[in-house]
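Below is one structure, written out as structure tokens; the observations come after it.
The values are calculated or read from the model by the stated rules, or taken from the named source; none is laboratory data. Quick caveat: nothing in here was measured; it's all calculated off a predicted structure. All Cβ positions, even for glycine, are placed from backbone atoms using ideal geometry, and neighbour counts span all protein chains on display. We work out accessible area using only protein heavy atoms, side chains counted, and drop any ligands, DNA or RNA first. Shrake-Rupley method; radii C 1.70, N 1.55, O 1.52, S 1.80 Å.
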Amino acid sequence: MSRILGVSEQFPKFSIPAVVSLEHGKEFAEISNETMKGRWSVFFFWPMDFTFVCPTEIAEFNKFYKQFLDRDTDLYGVSTDTKYVHLAWRQHHEDLKNLQFPMLADNTKNLSEELGILHPTDKVPFRATYIVDPEGVVRWVSVNDLSVGRNVKEVLRTLDALQTDELCPCNWEKGQATIK
């Protein structure tokens, strides 16, 4: 089993097709390190499209999309399904029709393998979340098993804390005092 890429390490270079729209002729784009250059980024991985826990997480990230943008942070959802599977899922699942962020199709599994987040036997990504700073350095990683959804509010709270560039105590939330 490979080692999970951790905090303070450089996020891998990548170039991956993504579903960015449901508008005919504008469905797909290529997303790469160049896309995220100079901005905070959150990448969240899910095991497979057309499953049960995954759309609850994707819809929840979408619900908070504006809050990520307000923090000058780009949001990227990723699985190892193809861009065509992503598109079909978005077209047929009510909660995914109005996504505001790209669904990256890591069907080669290259990025997932470099991150070390593939399940050892199922070969699908764990529910991994990465916060990456504007220099491309991983600042936070959270990995859940396949069956457990994550907490989007905790991702936002952690992003807020990281963006203060100060010492933040346990359970710190935006607007609270940091440690001086």
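Could you check, for the range 58-81, whether at least one of its residues is over 24 Å from residue 139 (Cα atoms) and touching a residue at least 40 places away in the same chain (Cβ under 8 Å)? Scanning the range 58-81, I find no residue that is over 24 Å from residue 139 (Cα atoms) and touching a residue at least 40 places away in the same chain (Cβ under 8 Å), so the answer is no. The residues in the range 25-42 that are touching an Asp or Glu at 6+ places or on another chain (Cβ under 8 Å) and small (Gly, Ala, Ser) can be counted, and the count is 1. Of the set (1) surrounded by fewer than 16 Cβ atoms within 10 Å (Cβ to Cβ); (2) touching a helix residue (DSSP H, G or I) at 6+ places or on another chain (Cβ under 8 Å), all apply to residue 169 but (2). Does the range 27-40 contain at least one residue that is of a type outside the set (D, E, K, R), part of a loop (DSSP other than H, G, I, E, B) and over 15 Å from the mean Cα position of the chain (by Cα)? Looking for residues that are of a type outside the set (D, E, K, R), part of a loop (DSSP other than H, G, I, E, B) and over 15 Å from the mean Cα position of the chain (by Cα), one finds at least one in the range 27-40, hence yes.
For the range 98-148: of the residues being charged (D, E, K, R), out of contact with any helix residue (DSSP H, G or I) (no Cβ under 6 Å at 6 or more places or on another chain) and in contact (Cβ under 8 Å) with a residue 60 or more places away in the chain, which is nearest to residue 39 (Cα to Cα)? Among those residues, the one meeting the criterion is 133.
Among the residues here, residue 7 does not qualify as assigned to a strand (DSSP E or B) and closer than 15 Å to residue 139 by Cβ.
What residue, of 164, 121, 178, 158, is within 21 Å of residue 10 (Cβ to Cβ) and either open to solvent by less than 50 Å² (accessible area, probe 1.4 Å) or among the β-branched types (Val, Ile, Thr) (or both)?
None of the others qualify; the one that does is 158.
What are the residues in the range 94-118 that are more than 13 Å from the chain's Cα centre (by Cα), at pLDDT 95 or above and open to solvent by less than 80 Å² (accessible area, probe 1.4 Å), if any? Hits for the range 94-118 are 107, 109, 116, 118.
If only residues of the range 35-68 that are modelled with pLDDT under 95 and among the hydroxyl-bearing types (Ser, Thr, Tyr) are counted, the one that is least open to solvent (accessible area, probe 1.4 Å) is 51. Residues that are within 14 Å of residue 30 (Cα to Cα) and not in a helix (DSSP H, G or I) within the range 74-90 comprise 76, 77, 78, 82, listed in sequence order. Scanning the range 136-149 for residues that are within 20 Å of residue 69 (Cβ to Cβ) and open to solvent by 40 Å² or more (accessible area, probe 1.4 Å) yields 139, 140.
All of 6, 77 fail the test of being of a type outside the set (A, V, I, L, M, F, W, C) and exposed (fewer than 15 other Cβ atoms within 10 Å of the Cβ), apart from 6.
Here the range 149-180 is the region considered, the condition is being without any contact (Cβ under 8 Å) to a residue 12 or more places away in the chain and polar (S, T, N, Q), and the residue that is farthest from residue 53 (Cα to Cα) is 176.
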